[in-house]
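One structure is given here, and the rest of the page talks about it.
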Amino acid sequence: MKISVMQEKRMTNSGKHRILHIDDDKNFLIMFGLTFNKFFDIVSADVPVQAFEIMKTIRFDAVITDFEMPQMDGLMVLKSVQERYPDMPVIFYTAQGNEQIAREAFLSGVADYLVKEVRGFAHRDKLVHTINQAIDKAKINEALREKQRLLEEQFRFSSALNEISEIIINEDNVQLILEKTAEILGRTLKLDRSLIYSIDFKKHIADALSEWLNPDVPGITPTKATYNLDIFINSGEYCFKERKQIESHIDDKNQLLVDDGSAEILHNRMNIKSLLWHPFLFLENGFYALIFNQITHRRVWSEAEHKFIESASNQVSIALQKLEFLKNLKQAEARLEHINKVVVAVRSITQLISREDQEKGLLKKICETIVSFDIYEQAIVATFESDRRPISFYQAGFGDKGNKASDMLLSPPRSSCLNNALTNCDKTAIHESGIDCSNCPFSMFFKENSYVISRGFRYGDGRMGYLGIQTKQGVQVEDEEISMFNEICDDIAYALDKFEIKQKHQETERQNKEKEELYRIIIENSNDSIAILIGEQYVFANEAMQALLGYTLEEIRKMPMDKPMADTPEGKDKISGYYKSRLNGEKVPSRYKGQLASKDGRVIEVYISANSVTLDGKKGSIIIVQPVTEEN
């Protein structure tokens with residue numbers, strides 16, 4: 001039958017459950033529809049193939065089907081529905097009722113099995129209740145699966161971010177960090193191709209720094225290369241100016257890509273079905289970008305995936321900053337190799353950073369270490385929020401004038417050297433003795449032929465820092481001294497970045513533990529009897545399961561796998577057989593009838609619902625048990 005637009009709109013807004021009824025008896029379809037249309041929105045089909053066509057355009061809450069029909073029987077209909085819509089309940093409503101058919105139907109996963117009455121619908125209310133109950137149960141199961149999916153997704157994203165953090169912290173090889181990061185992002189987001197690009201407007205190029213290709217996608221070709229920016233000029237300038245990402249699909253091309261001609265190359269020639277460009281770490285003449293390609297199919301990135309990508313890009317930013325720091329460090333070490341005092345200073349600060357795990361202790365000791373060398377008199381390290389509100393102040397060498405130095409640096413009006421340092425982060429300034437700088441704490445100790453070196457630096461999410469050092473008389477500030485000073489600033493910024501990464505990592509672990517505890521509380525307080533079986537050992541059973549079997553949790557954990565299964569064909573043979581088949585990847589019913597044995601020897605008729613789980617790399621099942629009652 002064909003459903004009109006108006007009829008479909010009426011059904012959508014009715015608020016009633018939507019039922020697809022399949023029966024080769026057209027008269028019975030009409031009678032059923034007239035009887036139950038006040039309870040449900042009913043669409044009827046007398047041919048199963050016709051019903052499947054209807055299901056392509058209309059979403060139903062349940063399917064009611066006859067068993068014996070010319071083209072296919074009810075079991076074939078059930079299998080077809082399960083393949084297309086695994087969460088949809090199917091109810092058999094047939095005149096061909098016998099125990100063998102009913103048993104086979106339930107083993108195949110039918111929601112319920114009802115026998116037609118000889119005349120009319122005397123048990124109408126019971127049938128309405130059965131249909132509603134099957135739909136409600138299916139929706140509950142779907143909601144539980146969605147919660148499980150979200151938990152698994154969050155865990156997967158957290159694990160990926162932790163993995164990237166470990167690589168950033170422990171690895172110094174630039175190319176290896178970028179390649180492993182691209183691989184982690186590709187695997188986690190299930191991409192076909194993942195790249196990290198550098199966009200340089202000054203050089204007018206887009207340079208691929210790393211590329212990961214999904215090994216499970218046959219025939220995928222590498223695209224890592226350096227491209228003239230003319231090809232992507234519109235999209236590149238948009239990302240740089242707007243600080244926003246670009247998404248485009250083969251059937252919905254982004255207009256920016258269309259205008260500069262890159263849509264033709266990317267979607268038509270390179271056969272990219274969907275792409276996402278996520279810009280980050282914006283520099284003076286360009287930025288970096290995470291580039292994601294889907295070749296085999298079109299996809300849309302979810303909100304959770306966008307948040308994960310943003311978090312990952314922040315970590316990659318830290319990695320690139322770290323890599324830049326390491327590059328500068330190596331260059332500085334080469335330049336300063338012949339200057340023993342400077343080398344000792346740099347090494348001392350680096351060792352201090354590696355040892356200290358608290359910001360307060362680290363920054364204070366950095367100041368003390370700097371002035372411990374006989375070339376410096378005073379040192380200051382201060383940190384500020386992005387709006388320049390002071391966070392902390394540390395000094396060494398000021399003696400009893402330390403508090404005054406703090407007030408002079410932090411209280412308004414602030415010195416021009418500090419304001420310039422925070423405005424022009426990463427730019428080193430050198431002040432000669434005798435130059436007036438109002439409210440500069442170093443002015444209290446200015447001496448002839450001495451210098452103040454100062455610089456600001458950025459770290460974390462927009463925060464800034466300031467480092468100032470005053471030399472002793474007669475110490476000339478050479479390029480080597482400036483290089484050393486910059487290295488110390490970079491070391492401090494890297495250390496502060498590391499502290500923030502550590503804090504975020506600890507917060508992620510805390511949140512994960514809270515979520516795990518919440519999930520356990522939900523299971524423990526469920527009315528259903530629930531157990532988790534890993535391998536051949538029960539690792540968990542909620543209070544309902546303990547009460548059903550009569551065993552304590554400790555007894556259940558120690559017992560053999562088949563101990564709570566009745567010694568009957570419906571017990572050990574069936575339940576353990578299905579469990580082992582599921583572990584081997586074979587298809588078995590997700591819900592079936594079985595028999596358990598309680599501690600006092602009672603045989604308990606139950607419905608068993610089981611789903612595969614993995615715990616610490618070991619396979620098993622989460623088992624939900626419901627005693628058989630007249631109601632179910």
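The values are calculated or read from the model by the stated rules, or taken from the named source; none is laboratory data. What you are looking at is a predicted structure, and each value in this text was computed from that prediction instead of being measured. For neighbour counting, all protein chains shown are included, and Cβ atoms are generated from backbone atoms with ideal geometry for every residue, glycine included. Accessible surface areas use protein heavy atoms only, side chains included; no ligands, DNA or RNA. Shrake-Rupley method; radii C 1.70, N 1.55, O 1.52, S 1.80 Å.
Rounded, prolate or oblate: which fits segment 531-604 when a ≥ b ≥ c are the square roots of the eigenvalues of the alpha-carbon gyration tensor, with rounded for a/c under 1.5 and prolate only if a/b beats b/c? Write down the numbers at each step before the final one.
Numbers: a/c = 1.95, a/b = 1.34, b/c = 1.45.
Oblate shape, in that a/c is at least 1.5 and b/c is the bigger or equal ratio.
What shape does segment 554-596 take by its C-alpha gyration tensor, where a ≥ b ≥ c are the square roots of the eigenvalues and a/c under 1.5 counts as rounded, a/b above b/c as prolate, and the rest as oblate?
Verdict is oblate for segment 554-596.
Using the Karplus curve 6.51 cos²θ - 1.76 cosθ + 1.60 with θ = phi - 60°, work out ³J(HN,Hα) for each residue of segment 278-293 in order, rounded to whole Hz, and write x for Gly and Pro.
These are the phi-based 3J(HN,Hα) values: 10, x, 7, 6, 6, 10, 5, 10, x, 6, 10, 8, 8, 10, 10, 10 Hz.
At 24 angstrom or more along the helix axis (alpha-carbon based) and mean Kyte-Doolittle of -1.0 or higher, what helices does the chain contain? Whole DSSP H runs only. Show your work: numbers first, answer last.
Details: long enough: 124-170 (69 Å, -0.53); 303-335 (48 Å, -0.54); 479-524 (67 Å, -1.08).
What comes out of the filter, once short or polar helices are dropped, is 124-170, 303-335.
Taking the Cα atoms of segment 9-159 alone, what are Rg (to one decimal) and Dmax (as a whole number) in Å?
16.5, 61
Take the Cα gyration tensor of segment 362-504, multiply each eigenvalue by 5, square-root it, and list the three semi-axes largest first, rounded to whole angstrom.
23, 17, 14
Subtract the Cα-Cα distance of Phe282 and Val613 from 0.36 nm times their separation in residues, and report this length gain in nm to one decimal.
Full extension from Phe282 to Val613 adds 114.9 nm.
Let's see if you can work this out: charge +1 on each Lys and Arg Cβ, -1 on each Asp and Glu Cβ, no other charges. What is the dipole magnitude of the chain about its Cα centre, in debye to the nearest 20?
The dipole magnitude comes to about 760 debye.
Along the charge dipole of segment 226-315, pointing to its positive end and built from +1/-1 on Cβ of Lys, Arg, Asp and Glu, which listed residue (Ala289, Gln315, Pro279) has its Cα farthest out?
Gln315
Packing-wise, with mean Cβ within 10 Å as the measure, how do 423-431, 384-392, 483-491 rank, highest first?
Result, highest mean Cβ count within 10 Å first: 483-491, 423-431, 384-392.
Write down the accessible area per residue of segment 342-460 in Å², having rolled a 1.4 Å probe over the full set of protein chains.
So segment 342-460 comes to 48 Å² accessible per residue, rounded to a whole number.
May I ask you to order 193-199, 170-176, 68-74, 456-462 by the average number of other C-beta atoms within 10 Å around their residues, highest value first?
Values: 193-199: 23.9, 170-176: 12.1, 68-74: 16.0, 456-462: 17.9.
Highest to lowest by the protection proxy: 193-199, 456-462, 68-74, 170-176.
State, to one decimal in nm, how far the label point of Gln148 lies from the label point of Lys401, with both points 7 Å from Cα in the Cβ direction.
7.0 nm
How much FRET efficiency would the formula 1/(1 + (r/R0)^6) give for Gln96 and Gln71, where r is the Cβ-Cβ distance and R0 is 22 Å, rounded to 0.05?
So, using R0 = 22 Å, E works out to roughly 0.90.
For volume of the Cα convex hull per residue in Å³, one of (1) 219; (2) 229; (3) 152 was computed from the structure I shared and the rest are decoys. Which label?
(2)
Could you tell me the largest-minus-smallest coordinate of the C-alpha atoms of segment 491-632 on each of the three principal axes, in descending order and whole angstroms?
Principal axes ranked by extent give 70, 31, 30 Å for the Cα atoms.
Considering all projection directions equally, how large on average is the shadow of the alpha-carbon convex hull of segment 85-206, in square nanometres?
For segment 85-206, the mean projected area of the Cα convex hull comes to 13.9 nm².
At a Förster distance of 45 Å, what's the computed FRET efficiency of Lys79 paired with Glu166, Cβ-Cβ distance as r, to 0.05? Spell out each step's value before the answer.
On the way: r = 46 Å, r/R0 = 1.02.
With R0 = 45 Å, the Cβ-Cβ based efficiency is 0.45.
With runs of 4+ DSSP H residues as the only contributors, calculate the mean residue ellipticity of the chain at 222 nm using -39,500 (n - 2.57) per run, divided by the residue total and rounded to the nearest 500.
Numbers: 18 runs with 276 residues, N = 632.
Counting only the DSSP helices, I get -14500 deg cm²/dmol.
Every cysteine in the chain with no other Cys Cβ under 4.7 Å from its Cβ, please list them in numeric order.
Cys239, Cys367, Cys417, Cys425, Cys489
Which percent of the accessible heavy-atom area of the chain goes to carbon and sulfur, probe 1.4 angstrom?
Answer for the chain: carbon and sulfur cover 49 percent of the accessible area.
Starting from the 7 Å offset along Cα-to-Cβ, what nm value, one decimal, do you get for the label separation of Asn228 and Phe52?
Those two pseudo-labels are separated by 5.3 nm.
Using R₀ = 25 Å, calculate the FRET efficiency as 1/(1 + (r/R₀)^6) where r is the Cβ-Cβ separation of Glu630 and Val115; round to 0.05.
On the way: r = 16 Å, r/R0 = 0.64.
It comes out at approximately 0.95.
Placing +1 at every Lys and Arg Cβ and -1 at every Asp and Glu Cβ, with all other atoms neutral, what dipole size does segment 519-632 have around its Cα centre, in debye to the nearest 20?
440 debye
Report the gain in length on full extension from Val588 to Glu448: 0.36 nm times residue separation, minus Cα-Cα distance, nm rounded to one decimal.
Once the chain is fully extended between Val588 and Glu448, it gains 41.6 nm.
Using 0.36 nm per residue, how much length does the chain from Val300 to Ile205 gain when fully extended, once their Cα-Cα distance is taken away?
Value of the extension gain: 31.4 nm.
Arrange the peptides 180-192, 156-168 so that the one whose residues have, on average, the most other Cβ atoms within 10 Å appears first.
180-192, 156-168
Apply the Karplus curve 6.51 cos²θ - 1.76 cosθ + 1.60, θ = phi - 60°, to the phi angles in segment 451-456 and return the couplings in whole Hz, x for Gly and Pro.
9, 10, 10, 9, 6, x
Positive end of the dipole of the chain, charges at C-beta (+1 Lys, Arg; -1 Asp, Glu), about the Cα centre: which of Asn228, Leu189, Ile199 has its Cα farthest in that direction?
It is Leu189, whose Cα lies furthest towards the positive end.
Where only protein heavy atoms count, and the probe is 1.4 Å, what is the accessible area per residue for segment 164-208 in Å²?
Heavy-atom SASA per residue in segment 164-208 reads 42 Å².
Residues in segment 604-632, backbone N under 16 Å from the label point at Phe155 (7 Å along the Cα-to-beta-carbon vector): list them, ranges by number please.
The answer is 611-623.
Please figure out what share of the DSSP beta bridges in the chain is antiparallel and state it in percent, rounded to the nearest 5. The partial results should precede the final answer.
Details: 86 of 103 bridges.
Within the chain, antiparallel bridges account for around 85 percent of the total.
Percentage of Cα-Cα pair distances in segment 155-226 greater than 16 Å, rounded to whole percent?
Cα-Cα pairs of segment 155-226 separated by over 16 Å account for 55 percent.
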